[in-house]
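The values are calculated or read from the model by the stated rules, or taken from the named source; none is laboratory data. All figures in this text were calculated on a predicted structure; none of them were measured in a lab. Quick reminder, even Gly has a Cβ in these numbers, built from the backbone with ideal geometry, and neighbours come from all protein chains shown.
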Amino acid sequence: MFKKLFKYDFKSTKRVGIPLLIGVLGLTVIGVIAVLVFVSALKTSMYMPENADEALEITTTLSMAGAILFLYGVILGLALVVTGMQIYCYIDFFKSTVSDEAYLTFTLPVKARDIVLSKSLCAFLWIAIQSVAVVASLAIMLGVGAISGGEEFNSILEEIKLLGFSFGLETFAGDIVIGYVLNFIYTVVNLANTILLVYSAIFFVSTVMRKHRVIGAIGGVVVANAVIGGIRSIVQFIVGLIAGAIGTIAQNPYIATNITSFVMILVVGGMTVGLFFLLKYLMEKKLNLE
């Protein structure tokens, strides 16, 4: 029955997910055009003779400024795509588990475990899909800029250190690779944790409050995120201090980061498992749809 429930949830979410993916495609096209305009204006500016016409200088400057503004808009739009997908998943969970529509969900011959798993997995996959699409969009725009811009564009990327690291690449290459793997795992675990935290807060507060459930759910999410986020920050700070001392002794700046990431994966992973069973328990024992 879980497969049927998940298939239904996935298809239902697809009604929003697919249009958002199309939106990412549209933003990518706009971004690529903006990058090409910027690169063209950049080349014109760099090789413009000293006695160039003033109108050409103004046009070039305005073209670069306009392209940058469009790129900022594209980046903002891409961020809103992922945020929008998250918000939709949270609203859908609220409607299908604690609103008047919840009767339809809980009259199905499925266990609370299957409902939690289906809703969480569906949200995780769609948010992940949107995130991958956004990353691919940014990669395409950067690729177009690198290919069309040549040395001029690549010099800008070098100046802002787009890759995020340059120190000790040869000496600590293995640790750097491990760091990226740990960061990826942490991102995955953290997304699952965030989804279950929001779902648990929504369900708990909404089943306690008979009135003003929407406001209560929003408040519950804010408070839960603040409390859990504070706990995680304290743990990360303590682990970071210990890991930093180890990194200093080992004379390896990346060991501290990797140790911290590994420990936080275990901590957040444990929280995620706990939230899953908490939400399952709430659905089984604390359901109040009156």
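Which of (1) at pLDDT below 90; (2) surrounded by fewer than 20 Cβ atoms within 10 Å (Cβ to Cβ); (3) closer than 19 Å to A139 by Cβ is the odd one out, the single condition I58 does not satisfy?
(3)
Please go through segment 194-214 and give me each residue that is at pLDDT 80 or above and either of a type in the set (A, V, I, L, M, F, W, C) or not assigned by TED's automatic domain parsing to the domain that holds E284 (or both), ordered by number. Quick ask: steps written out before the conclusion?
Of all residues in segment 194-214, those at pLDDT 80 or above come to 194-205.
Those that are at pLDDT 80 or above and either of a type in the set (A, V, I, L, M, F, W, C) or not assigned by TED's automatic domain parsing to the domain that holds E284 (or both): I195, L196, L197, V198, A201, I202, F203, F204, V205.
Could you give me the residue pairs with C-beta distances under 8 Å whose first residue belongs to segment 8-22 and is closer than 11 Å to S96 by Cβ, whose second residue is of a type in the set (S, T, N, Q) and modelled with pLDDT of 90 or more wherever it lies, and which are 6+ apart or on separate chains?
Every condition considered, the pairs that remain are D9/S118.
Keeping to segment 75-109, report how many residues are among the hydroxyl-bearing types (S, T, Y) and either at pLDDT 90 or above or under 13 Å from I195 (Cβ atoms) (or both). Talk me through it step by step, then tell me what you get.
The first filter runs over segment 75-109 and keeps only residues among the hydroxyl-bearing types (S, T, Y), leaving 83, 88, 90, 96-97, 99, 103, 105, 107.
Narrowing the set further to residues that are either at pLDDT 90 or above or under 13 Å from I195 (Cβ atoms) (or both) leaves 83, 88, 90.
Matching residues across segment 75-109 total 3.
Here's the yes/no breakdown for (1) closer than 23 Å to F184 by Cβ; (2) at pLDDT 85 or above; (3) in a helix (DSSP H, G or I); (4) in the same structural domain as L182 (by TED's automatic domain parsing):
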residue: G220; (1), (2), (3), (4): no, no, yes, yes
residue: I234; (1), (2), (3), (4): no, yes, yes, yes
residue: I238; (1), (2), (3), (4): no, yes, yes, yes
residue: G244; (1), (2), (3), (4): yes, no, yes, yes
residue: T248; (1), (2), (3), (4): no, no, yes, yes
residue: Y254; (1), (2), (3), (4): yes, no, yes, yes
residue: T260; (1), (2), (3), (4): yes, yes, yes, yes
residue: G274; (1), (2), (3), (4): yes, yes, yes, yes
residue: L279; (1), (2), (3), (4): no, yes, yes, yes
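Kindly indicate whether any position in segment 118-126 is assigned to a helix (DSSP H, G or I), hydrophobic (A, V, I, L, M, F, W, C) and surrounded by fewer than 17 Cβ atoms within 10 Å (Cβ to Cβ). Steps first, answer last, please.
Just the residues of segment 118-126 that are assigned to a helix (DSSP H, G or I), to begin with: 118-126.
Cutting the leftovers down to hydrophobic (A, V, I, L, M, F, W, C) gives us 121-126.
Add one more test, that the residue is surrounded by fewer than 17 Cβ atoms within 10 Å (Cβ to Cβ), and what stays is 121, 125.
Checked against the condition, which is being assigned to a helix (DSSP H, G or I), hydrophobic (A, V, I, L, M, F, W, C) and surrounded by fewer than 17 Cβ atoms within 10 Å (Cβ to Cβ), segment 118-126 yields at least one hit.
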